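The values are calculated or read from the model by the stated rules, or taken from the named source; none is laboratory data. Quick caveat, the model's predicted, so the values are computed rather than measured. Don't worry about glycine lacking a Cβ; one is built from the backbone with ideal geometry, like all the others, and counts go over all protein chains shown. Just so you know, the surface numbers come from the protein's heavy atoms only, side chains and all, with ligands and any DNA or RNA stripped out. Shrake-Rupley method; radii C 1.70, N 1.55, O 1.52, S 1.80 Å.
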Amino acid sequence: MSSTITLLASAAALALGIGAVSAKAAGEEPVKSVILVHGGFVDGSGWQSVYSILKKDGFDVTVVQNSTTSLADDVAVTKRAIAAASGQVILVGHSYGGVVVSEAGTDPKVAGLVYIAAFAPDAGESVSSLIANPPPGSPVPPILAPMDGFLFLDRAKFFDSFAADVDVELASFMAASQVPWGVAALKGKVSAPAWKGKPTWYLVATDDKMIPPAAQRQMAERAGAITVETPGSHAVYVSTPQVVADLIARAAVNAGLQ
């Protein structure tokens, strides 16, 4: 089954690659600025490998450091990054970062959105509402009871639930260096989702135990996203950065045609 998924991902990537070649042949220029937005429980350092690949390919990359205390604060930080970027922007969100880019992505400088195993809420939705009724049989993320309004994952279960395909030592470090995720951020509602008016791409991580793959597919379909699937945990951006960077790069080329 995993080989079939891999072949599907490769075929989709090839199709997008053909689009990239056509764009260059037509004399179009890709979007050169990329902004990476992390999700809950982690910070922007997890994007390091994706950042390095994109920089090597000539992109101007900004990594947002959100406090994840409230959606409004995180959107404000992301909008400042958009304002500081050169030219049009591809806005990328992982996990809760998908909520942030859905709200911040209406900025006119944003040419396209890329969701990496991320929440893609509609108007009036939040992380809290999207996870309220998980599909039957879905794994339950090991989120501990709130402490002073903030959430953590059980460190002993972090590897299996969040980063099962990440090097064990690195996953252990990620578990030990968790960023407190504010309950207020989970409850933050999107007002006007950017995916309704911007070209959108979505990477489904088929081994994700935090956001069920079925839920990812539903959100991607609702957003009208060009969707690629790849084997990977919720930390797919850490474990398989080349796949993630390739999708972002192809989005940058194709968004330039819009």
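Computed quantities for the displayed model
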quantity: Tally of residues being surrounded by fewer than 24 Cβ atoms within 10 Å (Cβ to Cβ) and under 12 Å from Val34 (Cα atoms) across segment 89-109; calculated: 1
quantity: Residue among Ala171, Ala118, Ala185, Ala175 that alone is aliphatic (A, V, I, L, M), closer than 29 Å to Ala252 by Cβ, open to solvent by less than 20 Å² (accessible area, probe 1.4 Å) and in a helix (DSSP H, G or I); calculated: Ala185
quantity: Val238 farther than 18 Å from Gly124 by Cβ, open to solvent by 10 Å² or more (accessible area, probe 1.4 Å) and either of a type in the set (A, V, I, L, M, F, W, C) or modelled with pLDDT under 95 (or both); calculated: yes
quantity: Cβ pairs under 6 Å, 6+ apart, first in segment 222-244 and free of Cβ contacts under 8 Å to residues at least 12 places away in the same chain, second among the aliphatic types (A, V, I, L, M) and surrounded by fewer than 22 Cβ atoms within 10 Å (Cβ to Cβ); calculated: none
quantity: For Ala85: the one exception among (1) open to solvent by less than 20 Å² (accessible area, probe 1.4 Å); (2) within 18 Å of the chain's Cα centre (by Cα); calculated: (2)
quantity: Test: residue in segment 150-161 that is at pLDDT below 95, open to solvent by less than 70 Å² (accessible area, probe 1.4 Å) and more than 22 Å from Pro231 (Cβ to Cβ); calculated: no
quantity: Single residue of Val228, Val204, Val244 found to be assigned to a helix (DSSP H, G or I) and of a type in the set (Val, Ile, Thr); calculated: Val244
